[in-house]
Amino acid sequence: MTCPLCDGACDGADLTPLLSPELAWLWETVAAAADRRGDESLTGGPAVTVTVPALPAQRAAAAGLIDGRPLEPGQSRRVSLKVLAAGVATRGPRLTPGAVAAHACNRRLAAKARRRVQQTAASDRIRTQLESSATSLPHHVRELIHPETAYTRLRTLGWVTRLLNTPDPTALLDQALQVAAQLPPPGRRIDRRLLVPGNPHALDAGALPALVLALTGSSGTPTRSGWARLGVDCDDLLGGLIITGITPRGWHIPPGATYTLPPRELAHIDWEPPKTAGQWAFVTENPSVLAAASSQALDQNSHVTPRVICTVGTPSQLQCEAIGALSDAGWNTAVRADFDQAGLAHVRALLASAPAATAWRMSAADYLAAVLEGTDPLHLRDSDAPWDEHLVPAMRKHSVPVYEEDLLPALLTDITAGTPGSSSLAVPVRLRPDRAVQKESRKP
C-alpha cells in the first residue's frame, strides 16, 4: 500500500535516525518551505533558511545533513536542498527532504498547492465537457449556451466551484445539458415536467434546475420567470398576465387594482368590452412599465385607471391568444417589448395572435430616440421586425439593445393619454399566425 504521507518515497528506507526528536526543528522548517513552494519533495531550488537551535544535541543531530561548517546557536544558516537531499538519500533510494519532513510532521505537505492543481485539472475537464457537448445542442439552444462563453458564465456565477463540490460534477453537467437540449424552439412551449423523461419532479428544486437556468443565462430572475423565458411552463395556476384597468366579463376588480390572471383563467377568457368604443389596451413585456403607470395614476390622483397588460417576459401561446381576444371584445390593442432579439420575437408572436393589434412605439425612430452606442452583437434577420423595415438595419448599425425602461417617459405619456404615440399609429402591421416566432434567446 502506498504511503499516504509521501506517495511511497519512504519505501525501503530507514527513517528512524532521521526522525529523532533532536531533528524536529529542521524538518518543521523544511515542511513550512514545502507548503509555501507547493513542492512536496524539495530536492532542489533555493536554499532553505533555518535558525540553528541552542541545544548541542540538536545541532549535533543535524551536522551530517547540513554542510560541514560549524553550527553556531541562534545562527541563520542557508541549507542547500541538494546537500540535504543527498544526505537523506543515504537512508533510502527514493527518500527526499520533503518525504522525511512529511513523516516528521505526520501530514502530507503542500496540500493547498496540490488542491489547486487538482481543482485546475477538474475545472479543465468541465470546460472541455461543456465546450464539446454545447456544439451538438440544437441551434436555438446554442444561442443560449454558446460553446465559447458558457464556461466563463458558469465560472462568473460561481457554478464551476459549485460543480466541483458535488459528488459527480460530470454527471450533473451532462444531465443539465440533456435538459437544455429538450428546450423548445422559438414559437413553442413545453411543460417543465416533461423535460426529464420518467421524473416529472426532477426540476422542482435543487442543483439540476439551478444549473440549467445558469447555463442558459436565466438565473438572474425569479425561477418561474427564468423558465418562462425559456419557453417552459411550470403549471396553470401561477404566472399568466398581470393586469390593471381591464377585466374578464363578469369580474369585479376594484378600480386601479392590479391583479394576475393565471393560465387556467386565460384558457377560456372572455373580456369585458371597453366602456367607450375603440379604447386602447396597452400590452408590455416588463412589469416595471405597469408598475410605473399605476404609481403615476395614484400620485396624480387620476380618476382614469391605466389600461395595461404585462406578459412578464416571453408570452406563451395562451397569453398571446388571450391578448388577441381583446379585439373580439372591442378593444384597440397596442403591443410592445424590448428592442432585442427576444423582444422582437415577442412582438411578432403577439401580432400573429392579435392581427388587429398595433406595434406600440416599436419603430426605428423610437429605437434611435433612446439608443446608446454599444458592442453587443445583435443576431437579427431582415424579417425580424416586419412592422418597420428600417428597424433591423438601425439595430444592426448601433449593435445595442434598448429596453422598455429606456422609453418609460414616452410610454407613460401614451398610457395616460389613452392612445399610442404617432410612431405607433403610422405603422400598419398584420402578421399571419403561421409566421409567428414566439421566442428567441436572450443574451445572458
Which of Tyr259, Tyr403 has the fewest Cβ neighbours within 10 Å, and the rest in rising order
Tyr259, Tyr403
Rg from C-alpha atoms of the chain, normalised by the globular rule of thumb 2.2 N^0.38 Å, equals 1.53
In a GNM of the chain with a 10 Å cut-off on Cα contacts, which of Asp338, Asp366, Asp14 has the highest mean-square fluctuation?
Asp14
Between Val83 and Ser422, what is the label-point separation in nm under the 7 Å Cα-to-beta-carbon projection?
9.3 nm
Value of Rg to Rh for segment 68-136 (Rh from inverse mean 1/r over Cα pairs, i.e. Kirkwood)
1.29
For a quick check of your reading of the filter: which trypsin sites (Lys or Arg not before Pro) in segment 9-81 sit in a DSSP loop and have no more than 10 other Cβ atoms within 10 Å?
none
Can you tell me the FRET efficiency between Asp168 and Asn199 if r is taken as the Cβ-Cβ distance and R0 is 25 Å, rounded to the nearest 0.05?
0.90
Evaluate E = 1/(1 + (r/R0)^6) for Glu22 and Ala207, where r is the Cβ-Cβ distance and R0 equals 41 Å; express this FRET efficiency to the nearest 0.05.
0.20
Would you give the gap between the C-alpha center of segment 76-98 and the C-alpha center of segment 161-217, rounded to a whole Å?
53 Å
Would you mind ranking Thr305, Thr166 so that the residue whose beta carbon has the fewest other beta carbons within 10 Å leads the list?
Thr166, Thr305
Could you work out how much longer the chain between Tyr259 and Val304 gets when fully extended? Use 0.36 nm per residue separation minus the Cα distance between them, nm to one decimal.
14.5 nm
Starting from segment 211-308, pick out the trypsin sites (Lys or Arg not before Pro) whose DSSP state is loop and whose Cβ has at most 10 other Cβ atoms within 10 Å.
Arg249, Lys275
Taking Cys310, Cys105 and counting other C-beta atoms within 10 Å, the order from fewest to most:
Cys105, Cys310
Under the 7 Å Cα-to-Cβ spin-label approximation, Ala369 and Thr223 lie apart by a distance in nanometres of 4.1 nm
Rounded, prolate or oblate, given the Cα gyration tensor of segment 241-435, with a/c below 1.5 counting as rounded?
prolate
Does segment 93-238 classify as rounded, prolate or oblate by the C-alpha gyration tensor (a ≥ b ≥ c root eigenvalues; a/c under 1.5 gives rounded; else a/b over b/c gives prolate, otherwise oblate)?
prolate
Farthest towards the positive end of the dipole of the chain, among Leu266, Gly198, Pro315 and with Cβ unit charges of +1 on Lys and Arg and -1 on Asp and Glu, lies the Cα of Gly198
For a test of the definition: using alpha carbon positions, the gyration tensor, and the 1.5 limit on a/c, classify segment 17-109 as rounded, prolate or oblate.
rounded
Within segment 17-109: Cβ-based charge dipole about Cα centre, in debye rounded to nearest 20 (Lys, Arg +1; Asp, Glu -1)
160 debye
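We did not get these values from a lab; they are worked out from the coordinates using the rules stated. Please read these numbers as outputs of a predicted model, since none were measured by experiment. Heads up, the Cβs are rebuilt from the backbone with ideal geometry, glycines too, and the neighbour counts pull from every protein chain shown.
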